[in-house]
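See below for the structure under consideration.
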Amino acid sequence: MFSAAKGIYFEWPKWWQTMKMQWSNMMAYKLNFIFMVLGPSLVYLFIKYNVWTAIYDLQGQSTIQGYTRSSMINYQLWVFVVGILAQGFNSMDLAIDIRLGRISSYLIYPFDFWQYHSSRFVAFQLMQTCVAIISTLIASATGLLSGLSLHNFLLGLFYCQFVSLFWFASQFLIGILAFWLDQTWVLRVMFLMTASFLSGSMIPLEIFPKGFAHLLNYSPFPYLTYVPTKVFMGAYPDSLKLALVNLLAWTVVLIGLSSVIWKRGIKLYTAAGM
Amino acid sequence: MWPYLRVYKEFLRTSFAEATSYRLHFVLLIVMDNIFYLTSLLGVSFIFDHIHNIGPWDRAEFMFFIAFMLAVDHLHMTFVSENFWEFSYGIRIGVLDFILLKPLNAIFTIFFRLIRPATMFNFFIPLGTLIYFGLQLHLSVYSWLLVPFMLLLALTLQTSLEILMSMSMFWLVQADAVNFMRMQFQSLSRWPDFIYRYYARKFFTLAFPLLLIGSVPVKILLNLTEWKLASCSLLAIAVTWLLIAITWRRGLRSYESASS
């Protein structure tokens, strides 16, 4: 961990150049960026807005497990912001690099494979943070999002950086399984679907059966959407420090696993296409 | 017709051969599909633990709709979905050239070439839940007889709309983005039409009839007197294919054949 930090410090210019390259790539295919990064979150929000307004309006229901119509819409809007902030990056390129033998270059160049992909992630994350801030301001100015507090927003923004680090670590781990698997997208989709459901992205965890929701506390999932959403809303009842420690512990586990898998995988690597 | 069936039999054979070469991937696909079915059903079930109805439907009716859409999705995943990804790839690297040269209808070869056998083995979950909730609703014999035809109607409309969307790949540099949007549109159609607000409902019923995919067949199955609604789906299919024919010709004219 210490040597990685030292590497970042001394190789900062290489990180900066890679980040600039990532920004150029993202901006070169703007439609792609909108459809692949913003599109899914927007469509997801549109569906959830319609589903929940239908549940409250057509049924004349005033509250469901403590959520009024407006607090549920607020919850879903913050889930959208968390989604943009933390869950956009994917490991598609990473797995393709391994499968097509492109990582041979990283084994020769003085810029590691993990450094290259991490710097791309940092660039992506900075861009996403800007998009999330603009989206929040628009939603707040148009009255869609109510009760926006600067303190909660900054706290949520800070927490989400760690959530995105967790997502990156999980995507990296799945990506490097390409040493053994022909296709890693199945694992990525599996993890995404599971996390999307169990993290409270579709329905808040209060709506889950109590025993099931309690069990989820022993997994990383609630810390990925439910906790940051509640932090943004200023309604997280438990200790945020404890949540952060839990999230970081899971992230460290993923990074450790990635390190072991990378070391084993590189021994198997046959440099296809060389 | 017969030559096409013979070719399709070959497509099936080669897809099976390819799928069984990567056994772990085969198993993972089955697990992935089951996670999708489970999360879709549990999500709605958890909501119904706290309410009795959503709009005009109670738990059994709503769950029957979800099960019906999962069954449509299962057929779509098995027989069509893989091909959309290949189409975007084919345009980008020029594989489409070879398909255009073959003495077969190119649209048939592009959109029905790849089959996903792993998903085929998962039929018991969507079919089982469809039967389970159908029995809870005491569907009539006629409704049960109509189920395969309604599934086919829904699948045809969904596939047609997605083929129409895919035609835009001829003009877009990064065609994968269209596939991502296509998947988002699938999520839109997995909810009944009455949950959408007025303008969204009108748009996705009349302009881009995604909401007809599941809502029309399920309404007919729940109430056979609504059979006339099927004409709306048939009309939507006809119009979609007319638009596919027009955009296909225009698309081919602008296709630059990357491999040549």
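Here are the numbers:
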{"quantity": "Check on B:F65, over 20 Å from A:I203 (Cβ atoms), away from chain A (no Cβ under 11 Å) and of a type in the set (F, W, Y)", "calculated": "no"}
{"quantity": "Criterion (hydrophobic (A, V, I, L, M, F, W, C), within 14 Å of another protein chain (Cβ to nearest Cβ) and at negative phi) met by exactly one of B:M167, B:M183, B:M150", "calculated": "B:M183"}
{"quantity": "Among (1) assigned to a loop (DSSP other than H, G, I, E, B); (2) surrounded by fewer than 16 Cβ atoms within 10 Å (Cβ to Cβ) - the single one A:Q61 does not satisfy", "calculated": "(2)"}
{"quantity": "Whichever residue in region A:25-36 is within 7 Å of chain B (Cβ to nearest Cβ) and of a type in the set (A, V, I, L, M, F, W, C) and, among such residues, is surrounded by the fewest Cβ atoms within 10 Å (Cβ to Cβ)", "calculated": "A:L31"}
{"quantity": "Elements of type helices (runs of 4 or more DSSP H) contained in region A:158-274, each with 1 or more residues being under 16 Å from the mean Cα position of the chain (by Cα)", "calculated": "A:185-198, A:226-233, A:240-268"}
{"quantity": "Of all residues in region A:37-52 being of a type in the set (A, V, I, L, M) and in contact (Cβ under 8 Å) with a residue 12 or more places away in the chain, the one that is surrounded by the most Cβ atoms within 10 Å (Cβ to Cβ)", "calculated": "A:V37"}
{"quantity": "Boolean, A:L107 is more than 20 Å from the chain's Cα centre (by Cα) and either more than 26 Å from A:P228 (Cα to Cα) or within 14 Å of another protein chain (Cβ to nearest Cβ) (or both)", "calculated": "yes"}
{"quantity": "Pick from region B:19-38, criterion farther than 30 Å from A:S201 by Cβ and surrounded by 15 or more Cβ atoms within 10 Å (Cβ to Cβ), ranking: modelled with the lowest pLDDT", "calculated": "B:Y22"}
{"quantity": "Where B:L145 falls short, out of the listed (1) over 26 Å from B:L242 (Cβ atoms); (2) touching a residue at least 60 places away in the same chain (Cβ under 8 Å); (3) assigned to a helix (DSSP H, G or I)", "calculated": "(2)"}
{"quantity": "Matching entry among B:S215, B:S231, B:S187 (being farther than 24 Å from B:F149 by Cβ and among the polar types (S, T, N, Q))", "calculated": "B:S187"}
{"quantity": "Extreme residue, nearest to the other protein chains (Cβ to nearest Cβ), among residues of region A:41-92 that are among the small types (G, A, S) and over 16 Å from the mean Cα position of the chain (by Cα)", "calculated": "A:A54"}
{"quantity": "Counted residues, region A:26-82 - those being modelled with pLDDT of 85 or more and hydrophobic (A, V, I, L, M, F, W, C)", "calculated": "18"}
{"quantity": "Given (1) within 11 Å of another protein chain (Cβ to nearest Cβ); (2) within 23 Å of A:I55 (Cα to Cα); (3) surrounded by fewer than 21 Cβ atoms within 10 Å (Cβ to Cβ); (4) not charged (D, E, K, R), number of the condition B:T205 does not satisfy", "calculated": "(1)"}
{"quantity": "Flag if B:R6 is at pLDDT 90 or above and among the charged types (D, E, K, R)", "calculated": "yes"}
{"quantity": "Residue within region B:35-53 that is in contact (Cβ under 8 Å) with a residue 24 or more places away in the chain, within 10 Å of chain A (Cβ to nearest Cβ) and over 30 Å from B:T20 (Cα atoms) present", "calculated": "no"}
{"quantity": "Test set (1) modelled with pLDDT of 95 or more; (2) closer than 23 Å to B:R116 by Cα - B:W85 fails condition number", "calculated": "(1)"}
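The values are calculated or read from the model by the stated rules, or taken from the named source; none is laboratory data. Nothing here was measured: the structure is a model prediction, and the numbers come from that model. A quick note on method: Cβ atoms are made from the backbone with ideal geometry, for glycine too, and the neighbour counts reach across all protein chains shown.
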